[in-house]
Amino acid sequence: MMSDRATASLDGLAEQPGVPKPDPILTVSNVSRSFGGLKAVDVEHLEIQRGMITALIGPNGAGKTTFFNLMTGFDQADTGERVFNGERLSRRAGSAPARRAVASAGVVTVALLGGLVVGGAVGQGNVRLGQILGFVVGLTLLFFGNRMLLTSPPGPRSNAFLDGRAARPLYGIAGLATGLVVSEIAVWATHLDGRWSTLLPFFGTVSSGILGFALGSYVQGPYSPHELAQHGMVRTFQLTKSLTKLPVIQNMALGAKGQVGERLSRGLIHPLWTDQEASIEERADELLKRFKLDHMRNEFAGTLSGGQRKLLEMARALMTDPTLVMLDEPMAGVNPALTQSLLEHIQGLRDDGLTVVFVEHDMDVVSEISDWVVVMAEGRIIAEGPPVAIGRNQQVIDAYLGSDHESNLVRTVDGTGTRDAPTREAPTGDVTTSDDTTGKGSDGASNSDGGV
């Protein structure tokens, strides 16, 4: 059943493909994906309304899973644009990750230059002292630079290069120039002579140029699935992806964002992340209790039933504090005894203010929990609307059952034998054949029941 909030937000909305929504959280425009000569997805426009449960349905081969993968970043579209919470997903350019990547490259460059200059200057009088001081200064600049990026991420700038919006070759050129400068300073600082005074600038310039081009490719490239999860879009899978040889509680802990212990520089120092680990486990225990999995807390995930694994995936997804949850056939392979529990949990996500999009074949499930239904056929969006309206939409009925679904199969006789062909029911309720207009078939049996 639709929530009151969903009813209010959809009131007066046209029931047609690509209809604009009052407050879309995800917008997809002109997205296509081809495999060889087959165009699996060709979606002109789709908006997902915030705070609602949207079902994505369609017959087998309609392109639902491919489209789902395109929306969640597990596959890349040939054309088109996706916008999530106002941020373009096809390019990182101008986004926080792009600015952070460029700033991180700058921090590494400053650390190298600082260490080499200090080390080289001091090393003119004392080589060993210069080496030690250069190493310490470089590490110090690197540490505090990264710390500054973590505590105060770089904000939007008018500079296209620092924002990641510059052309990709410019980052490669900047890398080449930086590598040449750093290498020449390294030759001076380390007192190299002979062939190494030539080889070091060469290799330094080439490697730095390659890194520069890689940086340009990154900032101009699309978001990856884990970056989308960091931004609040998380998905589950039809075939569950739990780590079977880890306990349930550790599967849950993996979903938490921003874990200090995942960084090599801090992971080795246990006191730096023990408090955060305790808070993560507390959050995981709350979710396990909510999904009625707390009694399996310390059991291996591989011992869970299919339905319990679905619940574990959904609970682990919530560990990322998402705003949009994408569920791929959440009821597939689930024991009927757990189906109602899963439905209640999905509705609970909406009640918590989250947006839910799910792929499903069970029309009873779709009708029960969906606020809005999107129908795909042959890679296109053919219908949108509330479940009741979709249930009586002729295009949807034809997509599932075929345009001749109201026809009966009757036996006809030709000169060489018999064949089955669809014909419409006769007005009297009897079906006639090509050689008999009295209601009897070729074998003399009555066909008054509507066909053979």
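Please name which of V359, Q259, L228 has its Cα lying farthest along the dipole of the stretch 222-380 towards the positive end, using unit charges on Cβ (Lys, Arg +1; Asp, Glu -1) and the Cα centre as origin.
My answer, from the dipole projection, is Q259.
Taking 0.36 nm per intervening residue step and subtracting the Cα-Cα distance, what contour gain separates R290 from T79 on full extension? Let's see the in-between values first.
Values: separation 211, 0.36 × 211 = 75.96 nm, distance 4.09 nm.
Using 0.36 nm per residue and subtracting the Cα-Cα distance, I get 71.9 nm.
By average Cβ neighbour count within 10 Å, what is the ranking of 390-396, 375-381 from highest down?
Values: 390-396: 15.6, 375-381: 20.9.
Descending packing order for the listed peptides: 375-381, 390-396.
How far is it, in nm, from the label point at F300 to the one at M363 when both lie 7 Å from their Cα along the line to the Cβ?
Reported label-point gap for F300 and M363 is 4.3 nm.
Would you give the gap between the C-alpha center of the stretch 217-238 and the C-alpha center of the stretch 280-350, rounded to a whole Å?
So the two Cα centres are separated by 21 Å.
Counting Lys and Arg as +1 and Asp and Glu as -1, what is the net charge of the other residues whose Cβ lies under 9 Å from the Cβ of W372? Mind showing how you got there, number by number?
On the way: positive: K21; negative: D371, E384.
Once positives and negatives cancel, what remains is -1.
Ranking request for peptides 116-125, 294-303: highest mean number of other beta-carbon atoms within 10 Å first, then the rest in descending order. Don't jump to the answer; show the numbers that get you there.
Numbers: 116-125: 17.5, 294-303: 14.5.
Sorting 116-125, 294-303 by mean packing, highest first, produces 116-125, 294-303.
Per residue of the stretch 363-371, what does 6.51 cos²θ - 1.76 cosθ + 1.60 with θ = phi - 60° give for ³J(HN,Hα)? Whole Hz please, x for Gly and Pro, Karplus curve as stated.
5, 5, 5, 4, 5, 6, 10, 7, 8
At a Förster distance of 22 Å, what's the computed FRET efficiency of E184 paired with F144, Cβ-Cβ distance as r, to 0.05?
Working: r = 26 Å, r/R0 = 1.17.
Between E184 and F144 the formula returns 0.30.
For the pair F203/V388, report the inter-label distance in nm, with labels modelled 7 Å from Cα in the Cβ direction.
Between F203 and V388, the label points sit 7.4 nm apart.
What net charge do the residues around I382 carry, taking every other residue with its C-beta under 14 Å from that of I382, with Lys and Arg at +1 and Asp and Glu at -1? Don't jump to the answer; show the numbers that get you there.
Values: positive: K64, R380; negative: E15, D42, E44, E378, E384, D398.
Within the 14 Å Cβ shell, the charges total -4.
Taking the Cα centre of the stretch 96-220 as origin, sum charge times position over the Cβ atoms of Lys and Arg (+1) and Asp and Glu (-1), and report the length of that vector in debye to the nearest 20.
On the way: 8 positive and 3 negative charges, 69 e Å.
Dipole magnitude for the stretch 96-220 comes out near 340 debye.
What Kirkwood Rh does the stretch 96-220 have if only Cα atoms enter the pairwise 1/r average? Answer in Å. Each step should come with its number before you reach the end.
On the way: mean 1/r = 0.0652 Å⁻¹.
After inverting the mean inverse Cα-Cα distance, the result is 15.3 Å.
If the only charges are +1 at each Lys and Arg Cβ and -1 at each Asp and Glu Cβ, what is the size of the charge dipole of the stretch 243-303 around the Cα centre, to the nearest 20 debye? It would help to have the intermediate numbers written out before the result.
On the way: 9 positive and 9 negative charges, 42 e Å.
I would put it at about 200 debye.
Rule-based calculations on the coordinates, nothing more; no lab input. Source: prediction; values computed, not measured. Methodologically, a virtual Cβ is constructed for each residue, glycine included, from the backbone with ideal geometry; neighbour enumeration extends over all protein chains shown.
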